[in-house]
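The values are calculated or read from the model by the stated rules, or taken from the named source; none is laboratory data. Keep in mind it's a predicted model, so treat the numbers as computed, not measured. Methodologically, a virtual Cβ is constructed for each residue, glycine included, from the backbone with ideal geometry; neighbour enumeration extends over all protein chains shown. Side chains included, ligands, DNA and RNA excluded: accessible areas come from the protein's heavy atoms. Shrake-Rupley method; radii C 1.70, N 1.55, O 1.52, S 1.80 Å.
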Amino acid sequence: MPSDVTVYIVDDDAGVRHSLSLLIQSVKLKTESYESAQQFLEHYDSSRPGCLVLDIRMPEMSGMELLEKFTENNIHIPVIVVTGHGDTTLAVRAMKAGVIDFIEKPFNDQVLLDAISAGIARSTEMFNAQVDCERYAAMVRKLSSREAEVMDLMVKGKGAKEIGVLLGISSKTVDVHRGHILEKMQVKSVSELVRLVVMHSEHPFSCEQLSN
């Protein structure tokens, strides 16, 4: 687990924020508390993995309204709703908005801690996948346009002679490009390159979009 993992608490009740912070800190987790959804949006740091413990009913911007802003603000964080005003309709809306757990007050402390643990595990997995995706994209961006064309055909199983014919270059030139591609993509063989490209083409994040 990354050392900078953070549990964010958003609740307009200062007493609730304080008690939740003490509970979460008791299991050695870092917390950041905000009294409003807008304050959270202004301070949220997407470079750190974590999860959000959210009150659903707040003035100015409700928890549901905050969840709706996640898409436009490109925020991907596991959310746990803790509320004293739960109902089935609200719970369904929250789950459809991506909430991973909906906990009604009063609740058992361990239930919340277990939900937070699951949220952090999911966030850490997403964070590590994103870091890997960005690393892959950075390598792809080092390729020249010709090298990118050659790599695409290599991954499709084309040999040097066939690639040369398709691109109008000699097979020796293809071999030169292949050497540069393997070096820039930090792999030792074509088969390793194929595995790398295929793995990232099926990535949960848009690695190809980051590469452009």
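Answer yes or no as to whether Val111 is more than 18 Å from Asp12 (Cα to Cα), at pLDDT 90 or above and more than 15 Å from the chain's Cα centre (by Cα).
Working: more than 18 Å from Asp12 (Cα to Cα): yes; at pLDDT 90 or above: yes; more than 15 Å from the chain's Cα centre (by Cα): yes.
So Val111 fits the description; yes.
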*Which numbered condition Thr83 misses (of (1) touching a helix residue (DSSP H, G or I) at 6+ places or on another chain (Cβ under 8 Å); (2) polar (S, T, N, Q); (3) open to solvent by less than 20 Å² (accessible area, probe 1.4 Å); (4) modelled with pLDDT of 90 or more)*: (4)
*Being farther than 18 Å from Asp114 by Cβ, in contact (Cβ under 8 Å) with a residue 60 or more places away in the chain, surrounded by fewer than 17 Cβ atoms within 10 Å (Cβ to Cβ) and of a type outside the set (Lys, Arg), is that true of even one residue in region 1-14?*
yes
*Give the residue that is surrounded by the most Cβ atoms within 10 Å (Cβ to Cβ), with candidates limited to residues of region 174-196 that are farther than 11 Å from Glu147 by Cα and either polar (S, T, N, Q) or touching a Lys or Arg at 6+ places or on another chain (Cβ under 6 Å) (or both).*
Gln186
*What are the residues in region 27-55 that are closer than 20 Å to Leu113 by Cβ, in a loop (DSSP other than H, G, I, E, B) and open to solvent by less than 60 Å² (accessible area, probe 1.4 Å), if any?*
Leu29, Arg48, Pro49, Asp55
*Could we say that Ile24 is open to solvent by less than 70 Å² (accessible area, probe 1.4 Å), in contact with a helix residue (DSSP H, G or I) (Cβ under 7 Å, 6 or more places away or on another chain) and of a type in the set (Val, Ile, Thr) here?*
yes
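Is one or more of the residues making up region 127-134 within 24 Å of His200 (Cα to Cα), at pLDDT below 95, among the acidic types (Asp, Glu) and surrounded by 13 or more Cβ atoms within 10 Å (Cβ to Cβ)? I'd like the intermediate steps shown before the answer.
Residues of region 127-134 within 24 Å of His200 (Cα to Cα): 127-134.
Those left that are additionally at pLDDT below 95: 127-134.
Okay, now just the ones that are also among the acidic types (Asp, Glu), so 132, 134.
Adding the requirement that they be surrounded by 13 or more Cβ atoms within 10 Å (Cβ to Cβ) leaves 132, 134.
For region 127-134, residues within 24 Å of His200 (Cα to Cα), at pLDDT below 95, among the acidic types (Asp, Glu) and surrounded by 13 or more Cβ atoms within 10 Å (Cβ to Cβ): present.
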*From (1) under 20 Å from Thr124 (Cα atoms); (2) in a loop (DSSP other than H, G, I, E, B); (3) open to solvent by less than 40 Å² (accessible area, probe 1.4 Å), pick out the condition that doesn't hold for Phe70.*
(2)
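Just to check your reading of the model, which residue among Lys96, Lys105 is loosely packed, with under 15 Cβ neighbours inside 10 Å and touching a Gly at 6+ places or on another chain (Cβ under 9 Å)?
Numbers: Lys96 fails: touching a Gly at 6+ places or on another chain (Cβ under 9 Å).
Just a single option satisfies the conditions, and that option is Lys105.
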_Count of region 11-59 residues which are over 27 Å from Val131 (Cα atoms), among the hydroxyl-bearing types (Ser, Thr, Tyr) and in contact with a Ser or Thr (Cβ under 9 Å, 6 or more places away or on another chain)_ = 1
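With respect to Ile116, is the statement that it is at pLDDT 95 or above, within 30 Å of Val81 (Cα to Cα) and surrounded by 15 or more Cβ atoms within 10 Å (Cβ to Cβ) true?
Values: at pLDDT 95 or above: yes; within 30 Å of Val81 (Cα to Cα): yes; surrounded by 15 or more Cβ atoms within 10 Å (Cβ to Cβ): yes.
Yes.
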